[in-house]
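Engineer: Questions regarding the structure given below will be posed in turn.
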Amino acid sequence: MIFGSLFGGGRDAARSTVAVVRDVTIGRMVRLDALAWRRLAGGTFTLDRDTLEITAQGIIKLDDGGGYVHRFYTDDELMLQAVSQQPDGSDADDFTLFRPWSSTYATGGWDDAAFRDRLSQPVWNEAGLPPFRRFWYDGDERVQPPVQLWEALYYERDGDPVKHIRQQCMLYVRDLAPEGQELLLALSARPEGGDTTHDIMIGLPLSPAEFSA
């Protein structure tokens, strides 16, 4: 599953050249197997296309030797994510496709604090969605702190990162028939020098056979 380790990577994740993970990188087209979401009963995750044009790429270094998270973005903010132990992504074996559900700007410190408090809860309730249980700390009903990380974002394969984004997040999950899962990633994100947003993304685990570039 996604995010095998809790993470909170520092800014030394920035690199001069982005990774190519299973041939996926900036400027490439990714083809998806639509059966990955169509076969699931009662799922919220849907897409009206089966291709992704990658126009941006993020990298997160996980703490304590936990590996790396590679994120590949489209212009409409779909996100294909891969987790690896190696910085070049050559051993990536954990893939998830996310689509945006909602994004709002924090209206003040109290608003951000209230959202972070929600990130600590064992169940996520969101308007228009069924409840999701916490994936991290699964089975633990106590309040737990959100995971913190830094993401370096690139627009060019050989360029410098265009921004660094501090995030506090929590991952949630619900089961779907037959033998599937749907994920919810809730995060508070603030780029350096920018404003804080509260973002909800709905995700679907992918096998390597369900996408190609």
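Engineer: Which one is nearest to N125 (Cα to Cα), of the residues in segment 179-188 that are open to solvent by 10 Å² or more (accessible area, probe 1.4 Å) and touching a strand residue (DSSP E or B) at 6+ places or on another chain (Cβ under 7 Å)?
Structural biologist: That would be L187.
Engineer: Inside segment 129-148, can you point out the residues that are touching a residue at least 40 places away in the same chain (Cβ under 8 Å) and polar (S, T, N, Q)?
Structural biologist: If the condition is that a residue be touching a residue at least 40 places away in the same chain (Cβ under 8 Å) and polar (S, T, N, Q), then Q148 is the only one that fits.
Engineer: For segment 56-72, indicate whether the set of residues that are farther than 22 Å from P161 by Cα, aliphatic (A, V, I, L, M) and part of a strand (DSSP E or B) is non-empty.
Structural biologist: No; the residues of segment 56-72 include none that is farther than 22 Å from P161 by Cα, aliphatic (A, V, I, L, M) and part of a strand (DSSP E or B).
Engineer: Still on this structure, I have one more. Going by the structure shown, is E151 closer than 24 Å to V20 by Cα, open to solvent by less than 80 Å² (accessible area, probe 1.4 Å) and touching a residue at least 12 places away in the same chain (Cβ under 8 Å)?
Structural biologist: Yes.
Engineer: Another one. Among the listed residues D175, D158, D138, identify the single one that is open to solvent by 50 Å² or more (accessible area, probe 1.4 Å) and either of a type in the set (F, W, Y) or within 30 Å of R28 (Cβ to Cβ) (or both).
Structural biologist: Of the residues listed, the single one that is open to solvent by 50 Å² or more (accessible area, probe 1.4 Å) and either of a type in the set (F, W, Y) or within 30 Å of R28 (Cβ to Cβ) (or both) is D158.
Engineer: For segment 46-55, how many residues meet the condition of being open to solvent by 60 Å² or more (accessible area, probe 1.4 Å), of a type outside the set (S, T, N, Q) and part of a loop (DSSP other than H, G, I, E, B)?
Structural biologist: Within segment 46-55, residues that are open to solvent by 60 Å² or more (accessible area, probe 1.4 Å), of a type outside the set (S, T, N, Q) and part of a loop (DSSP other than H, G, I, E, B) number 3.
Engineer: Hey, another quick one. Given the conditions (1) over 26 Å from T46 (Cβ atoms); (2) open to solvent by 50 Å² or more (accessible area, probe 1.4 Å), report the number of the one that D112 does not fulfil.
Structural biologist: (2) is the only condition that D112 fails.
Engineer: Based on what the data block shows, is D33 touching a helix residue (DSSP H, G or I) at 6+ places or on another chain (Cβ under 9 Å) and at pLDDT 95 or above?
Structural biologist: Yes; evaluated as a whole, the condition is true for this residue.
Engineer: Can you tell me which residues in segment 69-109 are among the aromatic types (F, W, Y) and open to solvent by 50 Å² or more (accessible area, probe 1.4 Å)?
Structural biologist: Once the filter is applied, which keeps residues that are among the aromatic types (F, W, Y) and open to solvent by 50 Å² or more (accessible area, probe 1.4 Å), segment 69-109 yields W101, Y105.
Engineer: While we're looking at this one, here's another question. Of the residues G58, G43, G8, which single one is in contact with an Asp or Glu (Cβ under 8 Å, 6 or more places away or on another chain), open to solvent by less than 40 Å² (accessible area, probe 1.4 Å) and at pLDDT 95 or above? Spell out how you get there, then give the answer.
Structural biologist: Numbers: G43 fails: at pLDDT 95 or above; G8 fails: at pLDDT 95 or above.
Answer to the selection: G58.
The values are calculated or read from the model by the stated rules, or taken from the named source; none is laboratory data. As the structure is a prediction and not an experimental result, all values here were calculated from the model. Ideal geometry is used to build each Cβ from the backbone, glycine not excepted, and the neighbour counts take in all protein chains shown. Surface areas here come from the heavy atoms of the whole protein model, side chains and all, with no ligands, DNA or RNA. Shrake-Rupley method; radii C 1.70, N 1.55, O 1.52, S 1.80 Å.
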